[in-house]
1. How many Å³ per residue does the convex hull of the Cα positions in region 181-245 occupy?
2. Between ASP63 and ARG232, what is the label-point separation in nm under the 7 Å Cα-to-beta-carbon projection?
3. Per residue and in cubic angstrom, what volume does the convex hull of the Cα atoms of the chain have?
4. With the full set of protein chains in place, find how many percent of the accessible area of the chain is carbon and sulfur; take the probe as 1.4 Å.
5. Report ASP83's accessible area, 1.4 Å probe, all protein chains in place, as a number in Å² to the nearest 10.
6. Please list the helices of the chain that count as membrane-span-like by this rule: a mean Kyte-Doolittle hydropathy of at least 1.0 together with Cα atoms stretching 24 Å or more along the helix axis, each helix being a complete DSSP H run.
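The values are calculated or read from the model by the stated rules, or taken from the named source; none is laboratory data. Just so we're clear, the structure is a prediction, and the values are computed from it rather than from any experiment. For neighbour counting, all protein chains shown are included, and Cβ atoms are generated from backbone atoms with ideal geometry for every residue, glycine included. Accessible surface areas use protein heavy atoms only, side chains included; no ligands, DNA or RNA. Shrake-Rupley method; radii C 1.70, N 1.55, O 1.52, S 1.80 Å.
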Amino acid sequence: MTGPHLRSPGAGVAGLIQENMVAYFRLFAGLPGITVVDDDVFWLVSARGEPGNYVLRARLAGDTERRIDEVLGQVGRHTDRVDWMVFPGCRPADLGARLAARGMQGGPGGIWMLANLPAHPGSPAAPEGFRVEPVRTLAQLDAWRRVSAAGFGADVQIHAEAYARHGFGPAANSLHFTGYLRGEPVTSGTLLLAGGIAGIWDVSTPPPFRGQGFGGALTLALLREAHARGYRRAWVWSSHMGRRVYERASFVAVDAGVREYPWHRRDV
């Protein structure tokens with residue numbers, strides 16, 4: 001059901017979000033410690049913590065109950081927990097109920113937000129001396145990594161490895177940006193152009209620089225880049241802390257119809 005203050009964007013938009021997420025996690029496939037399976041079910045687990053453990057797409061047919069148990073068994077050989085994301089386009093249509101019957105309690109799984117992209121999406125409300133630069137070299141990627149790690153309070157080395165392998169050329173659909181205040185990196189983020197929608201990922205501002213408009217100004221720069229490349233809609237999977245930042249950049253919270261079912265292996 002849709003929440004009392006959330007509108008539903010429809011299954012079509014939810015499908016675009018799903019494909020953008022799958023494309024994002026595919027960036028990590030093949031890295032040490034990462035297992036990705038892309039079959040009738042797409043799932044990823046990481047022995048390195050980041051970018052997390054997710055089942056993102058399921059199109060099951062035939063003996064669905066057996067296949068669900070088989071997937072959880074495969075995942076369980078690599079990790080003791082995973083978040084199974086059920087989108088409106090997943091099959092069977094009652095997949096969520098089947099997961100719930102296994103003790104997996106479903107919920108909205110975060111804050112899903114959408115924005116329509118105007119030609120000129122606002123002006124950055126950031127102090128004088130702030131600028132946003134695209135990552136085009138390994139040295140710039142290292143600056144991105146350092147400010148991102150400081151903002152998330154986590155090791156994001158695996159992200160840097162994935163992005164370095166993907167490359168920074170004009171054909172890349174994974175684009176990374178760092179915001180600088182008088183030469184010092186103070187915020188960072190990633191724009192992923194995939195699945196027919198622009199995804200805002202990895203936006204991070206270290207605690208000493210929060211509340212000064214840097215994250216919002218960076219987000220607007222990402223939206224302008226997406227619009228320049230022909231995209232007219234963007235989405236972000238927001239934390240509660242980031243919600244106000246994205247609302248100022250014209251994002252609105254929606255019920256995308258996605259439900260998250262956490263699974264924990266029960267060792268006997």
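1. 88 Å³
2. Placing both labels 7 Å along Cα→Cβ, they lie 4.7 nm apart.
3. Value for the chain: 132 Å³ per residue.
4. Details: 6360 of 12290 Å².
In the chain, the share of accessible area belonging to carbon and sulfur is 52 percent.
5. 40 Å²
6. On the way: long enough: none.
The qualifying helices: there are none.
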